Amino acid sequence: MTSFAAGELSGLLKDPDTNWQPQDWLPNPESPDFLDQVAEIRKRAANIPDDLFVVLVGDMITEEALPTYMNMLNTLEGTKDNSGADAHPWAVWTRKWTAEENRHGDLMNKYLWMTGKVNMKPVETTIQKLIGSGMNPKTDNNPYLGFVYTSFQERATKISHGNTARLAKEAGDPEFAKMCGIIAADEGRHEIAYQRIIDEVLARDPDGAVLAYADMMEKQITMPAHMMCDGQHKARTGRDLFVDFAAVAERTGVYTGHDYADIMDHLNKRWDIANITGLGGEAAAAQEYLMKQPARIRKLVAFAEKRAAKKPPAKETFSWIYDRPVDIN
């Protein structure tokens, strides 16, 4: 698939000389109006609710753990960058994908710092700890599994950034909304790239592709920041930081169990799983499993929502926002 990677993937990357850069969206430090521009950011940010700040910070931390994701791609047999500067198309894709993704954390980090609403020291500690902890996507160095994971995860991040864009606009910060929107657009291009890889695998090895997809869904897609820790949250609350962050994302509608089911439904349709013919017995069973999963997940989500509705309201504090409490259910 080397020729495929050279042709199909490179066309979904943008030229760094013409692509947007974080500074395009940030105050110019050389401008005599720099401090006025920062003041305007702080004024708009005053309208953003704390629960949305928790989600924005969690999303930013996820983006800032980029070295972990490049490392994960370079564990995949047959596509990894062995020297760190390999010329083969898979290695070039990984490096250039990483370069495009790197802008996301840079932009969100700088903007959130200027709002004055975020306690950057514990945020920075969380980033360092997360990169140091790594991640376990359960891809087993297998490129089929790895690219199923990225196909799902890039769509998940696109949805998350798109929803934060909508909420930031509703809260009165249209500029931050635009930033989240352009990040979501990048994730959309990257989603297409990874899904095209699986398109090609399905054309060449349908049994292997379907089995890999089912394997990842049976394991469940683990969010890339699932090991986040600020060194304070668990000791203070007895609760896992990622679990509480995810709970706020769920409650605000930024990323929910319904989104998880919708993504799987989308991938089933995108890869036309229902209409693949000629599969062997094990792959045919996996095909049947995949088609049933979105409805099953939606039932589980609905059940969980009913249980959550019966729980008394609960708040939790987050070091990221100076220990201000937010609702977690």
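Observations, loosely collected:
- Set side by side, the residues ASP207, ASP215 differ, and just one is over 30 Å from ILE41 (Cα atoms), over 21 Å from the mean Cα position of the chain (by Cα), surrounded by fewer than 22 Cβ atoms within 10 Å (Cβ to Cβ) and not basic (Lys, Arg), which is ASP207.
- Among the residues making up the range 276-329, a single one is surrounded by 14 or more Cβ atoms within 10 Å (Cβ to Cβ), among the polar types (S, T, N, Q) and over 24 Å from the mean Cα position of the chain (by Cα): GLN287.
- Picking from residues in the range 123-155 that are among the small types (Gly, Ala, Ser) and closer than 15 Å to ALA225 by Cβ, the one that is surrounded by the fewest Cβ atoms within 10 Å (Cβ to Cβ) is GLY132.
- Of the set (1) free of Cβ contacts under 8 Å to residues at least 40 places away in the same chain; (2) surrounded by fewer than 19 Cβ atoms within 10 Å (Cβ to Cβ); (3) over 30 Å from LYS121 (Cβ atoms), all apply to ALA91 but (2).
- Pairs with Cβ under 6 Å, 6+ apart, first in the range 202-229 and in contact (Cβ under 8 Å) with a residue 40 or more places away in the chain, second of a type in the set (Ser, Thr, Tyr) and surrounded by fewer than 17 Cβ atoms within 10 Å (Cβ to Cβ): ALA214/TYR289; MET227/SER133
- Pick from the range 156-179, criterion in contact (Cβ under 8 Å) with a residue 40 or more places away in the chain, part of a helix (DSSP H, G or I) and hydrophobic (A, V, I, L, M, F, W, C), ranking: nearest to GLY7 (Cα to Cα): ALA156
- Filter result (part of a loop (DSSP other than H, G, I, E, B), under 26 Å from the mean Cα position of the chain (by Cα) and in contact (Cβ under 8 Å) with a residue 40 or more places away in the chain) within the range 2-45: LEU13, LYS14, PRO16, ASN19, TRP20, GLN21, LEU26
- Restricting attention to the range 294-325, the residues being polar (S, T, N, Q) and out of contact with any helix residue (DSSP H, G or I) (no Cβ under 6 Å at 6 or more places or on another chain) number 1.
- Condition check for VAL118: under 19 Å from LYS269 (Cβ atoms), in contact (Cβ under 8 Å) with a residue 12 or more places away in the chain and either not in a loop (DSSP other than H, G, I, E, B) or not polar (S, T, N, Q) (or both): no
- Scanning the range 265-295 for residues that are touching a residue at least 12 places away in the same chain (Cβ under 8 Å) and under 17 Å from ALA156 (Cβ atoms) yields ASP265, HIS266, LEU267, ASN268, ARG270, TRP271, GLN293, PRO294.
- Of all the residues in the range 46-84, those that are under 18 Å from the mean Cα position of the chain (by Cα) and over 25 Å from SER319 (Cβ atoms) number 4.
- Screening PHE53 on (1) modelled with pLDDT of 95 or more; (2) farther than 30 Å from HIS233 by Cα; (3) aromatic (Phe, Trp, Tyr) shows it passes everything except condition (2).
- The residue list LYS310, LYS315, LYS269 contains one member that is within 27 Å of ASP51 (Cβ to Cβ) and out of contact with any Asp or Glu (no Cβ under 6 Å at 6 or more places or on another chain), which is LYS310.
- Criterion violated by ARG103 - all others in (1) outside any helix (DSSP H, G or I); (2) over 22 Å from ALA39 (Cβ atoms) satisfied: (1)
The values are calculated or read from the model by the stated rules, or taken from the named source; none is laboratory data. As the structure is a prediction and not an experimental result, all values here were calculated from the model. Note that each Cβ is placed from the backbone with ideal geometry, even for glycine, and that neighbours are counted across all protein chains shown.
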